[in-house]
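The values are calculated or read from the model by the stated rules, or taken from the named source; none is laboratory data. The model shown is predicted, which means the values in this text are computed figures rather than measured ones. Here Cβ is always computed from backbone atoms with ideal geometry, including for glycine, and neighbour counts include all displayed protein chains. The protein model used for the area step is the full one, side chains on, heavy atoms only, and it has no ligands, DNA or RNA in it. Shrake-Rupley method; radii C 1.70, N 1.55, O 1.52, S 1.80 Å.
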Amino acid sequence: DRKLDFGTGFYLTTSYEQAERWAKLTTARRKKGEETITVFYFDETKLAKLNVLIFESANTDWLKYASNNRNNDNAADDYDIVIGPVANDRTAPVLAAYFAGIYDEEETIKRLLPQKLKDQYAFKTVNALCCLDLCEVIVK
């Protein structure tokens, strides 16, 4: 069971570069299939009817939430969608040091702030998934 930043959900990003990276990682991890990027239209007008948590930046609240999810402590949260930054290859060691107790929250945030973090959207419920329409499937 993989422990992800925002818990169990269907993860998307607005960054094509990030989507490409995820496609490569997923295909490598599964050791089968083809790298595939799926493009969706996200109807943001439906957000008002959903329970949405948004992290504008890699701040202390984001760090605590991601940490709790990786420790499986947020399993019962009732968010439909969680939106916020995603770590990249350069930030992963910083987060690993935080999760291992080497860095405290203040030091971790200080080290993350200069990074240009991409975004991630975790669609966690059926209601959230109803905001998406399939547009295109790109096989690399």
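Provide the per residue accessible area, probe 1.4 Å, for the chain, rounded to a whole number of square angstrom. Accessible area per residue, the chain: 62 Å². One way to sum up the overall shape of the chain is the equivalent ellipsoid from its Cα gyration tensor, whose semi-axes run 25, 20, 14 Å, largest first. If both residues of a DSSP beta bridge must be in the stretch 1-128, then about 75% of such bridges are antiparallel. Other residues lying with their Cβ under 13 Å from the Cβ of THR13 contribute a combined charge of -2, Lys and Arg counting +1, Asp and Glu -1.
Net charge dipole, the chain: roughly 600 debye, given to the nearest 20, about the Cα centre with Cβ charges of +1 for Lys and Arg and -1 for Asp and Glu.
For the residues ARG90, ARG29, ARG70, a GNM of the chain with alpha-carbon springs under 10 Å puts the largest fluctuation on ARG29. For the chain, the longest principal axis of the C-alpha atoms and the axis of helix 60-70 are separated by about 70°. Scanning residues 5 or more positions from GLN120 or on other chains, those with amide H under 5 Å from its amide H are GLY84, VAL86, with H placed 1.01 Å from N in the peptide plane.
About its Cα centre, the dipole of the stretch 2-83 is roughly 560 debye, where the only charges are +1 on Lys and Arg Cβ and -1 on Asp and Glu Cβ.
Summary value for the stretch 48-136: 36 percent relative contact order, contacts being C-alpha pairs under 8 angstrom separated by 6+ residues. For the chain, the carbon plus sulfur part of the accessible surface works out to 49%, probe radius 1.4 Å.
Each other residue within a Cβ distance under 10 Å of ALA66 adds +1 if Lys or Arg and -1 if Asp or Glu, for a net charge of +1. Seen from LYS124, the other residues with C-beta closer than 10 Å to its C-beta sum to a net charge of -3, counting Lys and Arg as +1 and Asp and Glu as -1.
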